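Student: Take this structure first; my questions come after.
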Amino acid sequence: MEGILSSTPRLFYSCMDSNDVYSKNFTHSKTQSVAEDGFSLRAVSSYRGNGISHALRLSKKNERLESSDFSKRNSNTRPIDRLKRTVTLNSEVSPHRAVSAVRLLRIDQGGAFVDLLNHNGNHSVDNEMDYVERTLGFHTRALDDRDIRLVTEVVGGAVRWRRYLDHLILSLCRDENTFSDMEPLLLQILRIGFYEILKLEMPPYAVVDENVKLAKVALRPGAGNLVNGILRRLLRLKESNSLPLPKVEGDDRAKARALATIYSHPVWMVRRWTKHLGLEATVKLMKWNNSEPSFSLRANSSRGFTRNDLVERLNLLKVPHDISLHTDEFVRIKTGMQSIIQAGLLKDGLCSVQDESAGMVVSVVNPLPGDTIVDCCAAPGGKTLFMASCLKGQGTVSAIDINKGRLRIVKDTAKIHHVDDIVTTIHADLRDFAERSFLRADKVLLDAPCSGLGVLSKRADLRWNRRWEDLEQLKNLQDELLDAASLLVKPGGVLVYSTCSIDPAENEERVVAFLLRHQEFSVDPVNRYVPPEFVTEGGFFLSNPAKHFLDGSFAARLVRT
């Protein structure tokens, strides 16, 4: 995944990917839809009237929704008026479980994003407790560092494993109506308990006791009794290794449904992947998507900061890391992001959070000193800044984006990274801009809006916010943007089309369709720019998460003849 980081962790997590499906060049409108097997998905958006069905929300809209409607959506919400009463402190309820339950409610009922909630709360504890008070009617002791880590793990994990957890909860209820009629808050408490027992392997009776307390205090004694009975049933089944999971047998559809439950993915994704990748590769991919995500840091050479310098700083901070095997500027980390943030490495522009796969897309562009480059869908700017640093102070990068606010982030961060003399921002719809502009560039990058199926490990809720229809509708947008981007390429110039998807319909098929419409372009194989294990038979770049242990990305290099 790709990203830039400013002074706040919120910016890091909301602007991590220039192909970020949550915010890339879309305007948003809220609605509700129901996906296969009854899993509820929320929000669609459109790209300038193209009707692109997209499960996307803006964080500002989330805040408006939550502040005005959230309490109405949850039958157990008790709005507070600080002028009329004092909210009590409950020292018995575990703070990480109370906060986790409320965050999960905000995701399910308010349409919030996992990553924004998890990392906004780190530096806004008062705001966090305000939501707890508003929803539960009491507050707990403040979150310490351990609590914050647990909340992040529990919320992200419970969302990733939602289908799996709900299958087990339903199986352990006395009857189906108990599950279908369950109050939203009670369901979140059970999801937390099941996740802590099955995936975190916390001390089981402590998990039972703490979640029962939360249910009794936040709801009523009867709710606590129900939680107690279901969790104890789970413990007995776990100890006897007899969890009621489906068997992978029958026809293709039946197998896909079983795998979708066991590995907690939508059925349509499993069926699509088994068709394209095969059963074994699909299972590996789902395991990767459910694993704890890793992040990569790119040393900012435009600040005179090398990877060796970055390694020295990480050693001083005692942050475990590995040197990238694929790109010269990158270091991979699993933990320690808060230490890096607090040390100011990101705020000062010495490095950026950016996945190695995104770095290799820039390698496919091959920016050289003196080049004129256009980044067509630039915000939030990770690839823009990397390309600018490669120019060594000679050349230009024109960063175009439809989102004015996110484009401002690109401009501000370019100053921090000392490439503001190279980067020019242009607020425009690429399709309108290309038709009326006389700009022609040596190299044009279109990092297109896509399904994001290559970055599911970092986007816990994205799998539930995607539908098969999204791919069909996105293809039209990708074709339109490719046609527009091609107008900006000078004769002999290069057009690079990239996505953070692993689906052929968004990748190879779009390139083939483009070449049929534009015979003045031809494929320039990428084997000169990236390691051979990333080169497809067609000469394209492709990183496969299950194979390369990186985010999934695709890039095609096309030359205008």
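The values are calculated or read from the model by the stated rules, or taken from the named source; none is laboratory data. This structure is a prediction, so every number in the text was calculated from the model and none was measured. Counting neighbours? That spans all protein chains shown, and the Cβs are built from the backbone with ideal geometry, glycine included. Calculation scope for accessible area: heavy atoms of the full protein, side chains included, ligands and nucleic acids excluded. Shrake-Rupley method; radii C 1.70, N 1.55, O 1.52, S 1.80 Å.
Student: Give me the percent of Cα-Cα pairs in the range 446-561 that sit more than 19 Å apart, rounded to a whole number.
Tutor: Taking all Cα-Cα pairs of the range 446-561, the fraction more than 19 Å apart is 46 percent.
Student: Can you put His417, His326 in order of accessible area, largest first, using a 1.4 Å probe?
Tutor: Result, largest first: His326, His417.
Student: In addition: So if each residue of separation counts as 0.36 nm, and I subtract the Cα-Cα distance between Lys404 and Asp175, what length gain in nm does that give?
Tutor: Once the chain is fully extended between Lys404 and Asp175, it gains 77.3 nm.
Student: Here's something else I'd like to know. Quick one, what does Rg over Rh come out to for the range 348-441 if you take C-alpha atoms and the Kirkwood Rh?
Tutor: The Rg/Rh ratio comes out at 0.94.
Student: Can you compute the modelled spin-label distance between Thr561 and Asn476, with each label point 7 Å from Cα toward Cβ, in nm?
Tutor: Computed distance between label sites Thr561 and Asn476 equals 3.2 nm.
Student: Separate question: Round to the nearest 0.05 the FRET efficiency obtained for Asp420 and Asp348 when R0 = 25 Å and r is the Cβ-Cβ distance.
Tutor: Once rounded, the FRET efficiency stands at 0.95.
Student: I'd like the FRET efficiency for Arg146 and Glu280, computed as 1/(1 + (r/R0)^6) with the beta carbon distance as r and R0 of 35 Å, rounded to 0.05.
Tutor: Computed FRET efficiency for Arg146 and Glu280 comes out at 0.40.
Student: Can I ask one more? Can you tell me the relative contact order of the range 264-389? Whole percent, Cα pairs under 8 Å, sequence separation 6 or more.
Tutor: Relative contact order for the range 264-389 comes out at 24 percent.
Student: Using only Cα atoms, what Kirkwood radius does the range 301-404 have, in angstroms?
Tutor: 14.7
Student: How large is the accessible surface per residue of the range 432-550, computed with a 1.4 Å probe and reported in Å² as a whole number?
Tutor: 36
Student: Length gain on complete extension for the stretch His518 to His427, per 0.36 nm per residue less the alpha carbon to alpha carbon distance?
Tutor: Full extension of this stretch gives 30.1 nm more.
Student: Roughly how many percent of the accessible protein surface of the range 187-237 is carbon and sulfur, given a 1.4 Å probe and a whole-percent answer?
Tutor: Of all accessible area on the range 187-237, carbon and sulfur atoms account for 54 percent.
Student: How large is log10 I(q)/I(0) at q = 0.12, 0.13, 0.16 Å⁻¹ when the Debye formula is applied to the Cα atoms of the range 183-329, each weighted equally and without solvent?
Tutor: The computed values of log10 I(q)/I(0) come out as -0.80, -0.85, -0.95.
Student: Per 0.36 nm of contour for each residue apart, how much would the distance between Ser91 and Glu249 grow if the chain were fully extended, relative to their Cα-Cα spacing?
Tutor: 52.0 nm
Student: In whole angstrom, and with the biggest value first, how far do the Cα coordinates of the range 175-241 range along each principal axis?
Tutor: Reported extents, whole Å, longest axis first: 28, 25, 16.
Student: Summarise the long-distance tail of P(r) for the range 369-500 by giving the % of C-alpha pairs beyond 21 Å.
Tutor: 43
Student: Something else now. Residues of the range 495-513 with the amide nitrogen closer than 14 Å to a label point 7 Å from the Cα of Thr536, along Cα-to-Cβ, please.
Tutor: 497-513
Student: If you don't mind, there's one more thing I want to ask. Could you look at the range 402-533 and say what percent of its accessible area is carbon and sulfur, using a 1.4 Å probe and all protein chains?
Tutor: Taking all protein chains in place, the range 402-533 shows 52 percent carbon and sulfur surface.
Student: While we're here: In terms of solvent-accessible area of protein heavy atoms at a 1.4 angstrom probe, what is the ranking of Cys351, Cys390, highest value first?
Tutor: Highest to lowest solvent-accessible surface, that is Cys390, Cys351.
Student: Sticking with this structure for a sec: If I take every Cα pair under 8 Å that is 6 or more residues apart in the range 164-262, average their sequence separation and divide by the length, what percent do I get for the relative contact order?
Tutor: The value is 26 percent.
Student: Restricting attention to the alpha-carbon atoms of the range 238-322, what are Rg (one decimal) and Dmax (integer), both in Å?
Tutor: Values for the range 238-322 (Cα only, Rg and Dmax): 20.7, 59 Å.
Student: Let me ask another. Highest mean first, what order results for 234-242, 495-503 on Cβ atoms within 10 Å?
Tutor: Top to bottom by mean Cβ count within 10 Å: 495-503, 234-242.
Student: Right, something else. Mind checking the per residue accessible area of the range 173-246 for me, 1.4 Å probe, whole number of Å²?
Tutor: Heavy-atom accessible area per residue stands at 47 Å².
Student: Separate question: Could you tell me how far the Cα centroid of the range 357-401 sits from the Cα centroid of the range 149-190, in Å?
Tutor: If you average the Cα positions of each part, the centres end up 44 Å apart.
Student: Okay, next question. At 20 °C and a viscosity of 1.002 mPa s, what translational diffusion coefficient does Stokes-Einstein give for the range 131-193, taking Rh as the Kirkwood radius over Cα pairs? Give it in µm²/s as a whole number.
Tutor: Value of D from the Cα-based Kirkwood radius: 161 µm²/s.
Student: Could you work out how far apart the two model spin labels at Lys392 and Phe438 are, taking each label as a point 7 Å from the Cα in the direction of the beta carbon, and quote it in nm?
Tutor: Each label point is offset 7 Å from its Cα along the Cβ direction, giving 3.2 nm.
Student: Using only alpha carbon positions, build the gyration tensor of the range 160-199, then give the equivalent ellipsoid semi-axes as the square roots of 5 times its eigenvalues, largest first, whole angstrom.
Tutor: In descending order, the three semi-axes are 16, 11, 8 Å.
Student: Heavy atoms only, probe 1.4 angstrom, no DNA, RNA or ligands counted: give me His265, His548 ranked by accessible area, highest first.
Tutor: Highest to lowest solvent-accessible surface, that is His548, His265.
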